[in-house]
Amino acid sequence: MSDPSGAKQRGLALELRQSGKAWLFVTPVLVALAVVIGYPVVQAIIMSFQKDSGIDPATGMFVEGGGAGLSNYTHWLLQQCNTLGGVVACPTGTLGSQFWSAVGVTLFFTVVTVSLEAVLGLGMAVVMGKTFRGRALLRAAVLIPWAIPTAVTARLWEFMFQYDGVVNRVLGTHILWTSDVWASRFAVIAADVWKTTPFMALLILAGLQVIPADVYEAAKVDGASAWQRFVHITLPLLKPALLVAVLFRTMDALRMYDLPAIMTLGNPSTNTLSILVVEQVRQGPNSAAALSTITFLLVFAIAFVLVKVLGANAVRTQEEQRKAN
Amino acid sequence: MALKFVPRATMAAASIALLTASFASACSSDNGGNALDQNLTGRGPITYVEGKDTTETGVVKQLIDRWNAAHPNEQVTFKEQSADANQQHDDLAEHFRAKQDGYDVVALDVPWTAEFAAKGWIQPLKDTFAIDTAPLLAPTVASATYNGTLYAAPRNTNGGLLYYRKDLVPNAPRTWTEMLGQCQVARDNNIGCYAGQLAPYEGLTVNTSEVINAFGGSFVGADGKTPTVNSPESKAGLKVLVDAYKSGDIPKEAITFKEGESASAFESGKLLFLRNWPYLYAQANADTSAVKDKFGVAPLPGNTGVGASTLGGYNAAISAFSKNKATAADFVRYLISEEAQQIIASGALPSVRASLYDDPALIAKMPYLPALKESIASAVPRPVTPFYPAVSKAIQDNAYAALNGTKSVDDAVAGMQKGIETAGS
């Protein structure tokens with residue numbers, strides 16, 4: 001007695017009603033996102049095509065710069081600076097000359113810190129996942145570096161890395177940790193890894209805990225060694241959680257500002273893109289907007305690659321996850 | 001439902017990138033227009049804005065209390081900003097860009113004056129707003145002058161001093177050659193010879209300018225734009241600093257020193273000579289200091305005689321957007337008056353009035369005043385340019401490269417020249 005067309009209609013009506021409701025619930029969020037994210041991004045893009053105000057030589061007063069075309073972008077990407085005599089390659093001591101080195105430093109920090117944090121975080125998560133006396137205490141202790149505000153962390157490490165600080169004393173060295181090119185990069189990486197590995201460990205721990213125990217038991221029965229169980233069971237089943245953790249940390253590391261800004265202030269060898277943006281805002285906001293937009297595109301491209309190629313997906317619905325599993 | 005057709009991965013990537021890449025977007029600035037011609041005769045309550053008052057005597061509160069007692073209808077309210085110079089600058093800039101009338105009289109760090117003047121944010125002190133600059137130290141007036149017009153009243157100044165260990169060297173050196181000639185004393189005592197503030201920040205700009213100015217070099221011409229730094233004099237000046245660093249007369253770690261680190265090195269007895277500001281005098285004479293009663297102060301060393309200090313301090317300016325500019329002008333005049341400057345000097349802030357440096361009561365309290373007067377009398381303001389942040393960056397980055405050996409002195413000075421040429425473009 002079933003009436004297929006009627007069922008279909010009822011189904012369609014239900015779907016429409018549901019999607020209508022969904023839009024009702026989603027709209028406030030979309031509006032909020034448009035205001036707090038969409039507007040600044042669009043505004044920054046508009047600004048990036050305008051010249052920064054310059055001095056009118058006759059009056060000595062600032063006048064509006066007018067349209068800039070792509071000159072704010074070529075300023076950064078091609079490192080071209082304007083002078084009275086025309087366009088020249090940006091000399092040392094200008095922010096324009098530091099663009100590619102800042103890109104390099106940012107990517108270097110990202111790759112090194114995220115790799116170290118993933119490996120160390122995995123180790124910490126495996127230990128925290130075991131059952132033993134004092135586990136709760138360990139988990140709380142591991143969280144402490146993550147709980148300390150970054151600015152405070154940066155100051156702590158800055159004190160330790162001072163010339164007459166504890167690091168040089170313990171090691172018996174005379175290294176300028178905040179000034180030498182590679183020493184200062186190492187210092188920033190050490191502080192970042194110390195601070196954010198717990199975050200990584202927690203995300204991975206959450207992933208570990210959803211792996212059912214019977215899979216391990218079955219493997220044990222079949223005679224798999226601990227290493228084989230880790231490589232063939234833990235790692236593949238952990239992959240989604242691990243990739244999400246890596247994605248989060250990568251995005252985070254690409255906009256790193258506070259640690260190098262506080263620890264190694266002004267040292268060009270640890271200048272990241274975000275530091276460059278903040279310095280440029282004081283010299284000319286429109287050019288800074290172009291730099292922000294470039295940074296945005298870079299972050300976007302890297303996020304895209306991670307999502308598309310590696311399949312990291314932080315916004316997958318539960319339904320999809322169930323299907324995938 | 002157009003969203004459906006966007007690949008899901010793209011959406012995910014976009015939303016993540018959007019969430020993570022939120023950067024400050026400053027609103028576009030336009031010029032004050034005719035704000036400079038409005039409210040010229042307005043009177044009433046005003047607001048005075050300054051960074052955190054760190055003086056022990058509470059100078060700003062004293063200044064305002066005294067004013068308020070005499071002006072019941074034109075009360076001044078103190079808006080205290082944070083202690084961080086960059087935040088002070090950005091807070092003022094935001095208010096002025098938005099043309100808000102909430103800030104009437106503002107204290108500007110010396111190097112910002114030209115920028116605020118060129119943006120049309122502060123009132124030129126001419127015609128009805130003219131102030132009497134005759135009793136003021138000439139370099140402080142120059143630091144508040146842009147394009148031949150005075151834009152602010154110097155409120156308090158600051159100059160560098162040479163701190164030296166009088167228990168080890170009997171007389172203060174007058175020149176760099178004399179000073180570095182005494183470094184053997186430092187080596188005999190196993191301490192560093194000389195240090196200043198050589199970390200890559202504003203302090204390095206100050207220290208570099210001082211040595212370049214001392215040898216007769218300059219940075220920009222009178223127009224505040226034309227670079228003049230590429231000269232044999234500038235090279236000679238920077239070379240002295242770089243050679244002293246390479247020879248170890250300036251200890252290796254001094255390249256990480258800001259004011260605080262350099263002060264604690266001197267206070268713990270690890271330095272023979274130190275360039276620092278007057279604030280250190282009281283601190284180094286405290287009981288916790290290892291050099292209590294063992295040091296003296298002198299003007300900075302120069303090439304053939306006393307050197308040239310860079311000027312610090314604050315200038316008081318009237319906002320172009322103030323509703324009560326007549327009251328604001330009176331308050332600015334009050335700030336440079338003898339009675340207000342007495343309060344300022346008693347708070348250990350160097351006064352802008354020459355006469356106060358000879359006041360025996362003040363000298364008894366602050367024995368460094370005669371040396372400071374000499375230092376400020378020969379002082380050269382930092383380059384007066386509306387593009388100060390870029391100019392300062394060009395100076396410090398190149399000086400830093402010369403110090404750590406990645407650039408020769410000649411290249412560094414040439415780089416400063418090129419960097420200043422591109423400033424403001």
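The values are calculated or read from the model by the stated rules, or taken from the named source; none is laboratory data. What you see is a predicted model, and the numbers here were worked out from it, not measured in a lab. Don't worry about glycine lacking a Cβ; one is built from the backbone with ideal geometry, like all the others, and counts go over all protein chains shown.
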At least 1 residues that are closer than 27 Å to A:Q283 by Cα in each: list the strands (runs of 3 or more DSSP E) lying fully within the range B:84-187 that qualify. B:105-109, B:153-158
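Results for (1) closer than 28 Å to B:Y388 by Cα; (2) modelled with pLDDT under 80; (3) among the aromatic types (F, W, Y), shown as yes or no for each residue.
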position	(1), (2), (3)
A:L14	no, yes, no
A:F25	no, no, yes
A:L33	no, no, no
A:K51	yes, no, no
A:G65	yes, no, no
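Here are some residues: B:E233, B:E210. Which one is in contact with a Ser or Thr (Cβ under 9 Å, 6 or more places away or on another chain), without any contact (Cβ under 8 Å) to a residue 24 or more places away in the chain and in a helix (DSSP H, G or I)? Spell out how you get there, then give the answer.
On the way: B:E210 fails: without any contact (Cβ under 8 Å) to a residue 24 or more places away in the chain.
Matching residue, one of B:E233, B:E210: B:E233.
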Counting only residues that are β-branched (V, I, T), surrounded by 15 or more Cβ atoms within 10 Å (Cβ to Cβ) and within 13 Å of A:S292 (Cα to Cα), which one in the range A:28-48 is farthest from the other protein chains (Cβ to nearest Cβ)? A:I45
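Which residues, counting only those in the range A:93-105, are of a type outside the set (A, V, I, L, M) and within 26 Å of A:D56 (Cα to Cα)? Please lay out each step first, then the result.
Taking the range A:93-105 and keeping what is of a type outside the set (A, V, I, L, M), we get A:93-94, A:96-101, A:104.
Correct list: A:G93, A:T94, A:G96, A:S97.
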Every residue from the range B:118-131 that is within 27 Å of B:Q342 (Cβ to Cβ) and without any contact (Cβ under 8 Å) to a residue 40 or more places away in the chain: B:A130
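Taking the condition buried (at least 18 other Cβ atoms within 10 Å of the Cβ), charged (D, E, K, R) and either touching a residue at least 40 places away in the same chain (Cβ under 8 Å) or assigned to a helix (DSSP H, G or I) (or both), does A:K195 pass? Full working, then the answer.
Numbers: buried (at least 18 other Cβ atoms within 10 Å of the Cβ): yes; charged (D, E, K, R): yes; either touching a residue at least 40 places away in the same chain (Cβ under 8 Å) or assigned to a helix (DSSP H, G or I) (or both): yes.
Yes: the conditions hold for A:K195.
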Is one or more of the residues making up the range A:81-88 touching a residue at least 12 places away in the same chain (Cβ under 8 Å), touching a Ser or Thr at 6+ places or on another chain (Cβ under 7 Å) and away from every other protein chain (no Cβ under 14 Å)? no
Matching entry among A:G54, A:G11 (being free of Cβ contacts under 8 Å to residues at least 40 places away in the same chain and more than 9 Å from every other protein chain (Cβ to nearest Cβ)): A:G11
Restricting the range B:413-422 to residues that are more than 8 Å from chain A (Cβ to nearest Cβ) and of a type in the set (A, V, I, L, M, F, W, C), the residue that is farthest from the chain's Cα centre (by Cα): B:A414
If you take the residues of the range B:384-411 that are of a type in the set (D, E) and more than 7 Å from every other protein chain (Cβ to nearest Cβ), which of them is farthest from B:S231 (Cα to Cα)? B:D411
Has the range B:342-354 got at least one residue that is of a type in the set (S, T, N, Q), closer than 17 Å to B:G312 by Cα, away from chain A (no Cβ under 14 Å) and surrounded by fewer than 21 Cβ atoms within 10 Å (Cβ to Cβ)? no
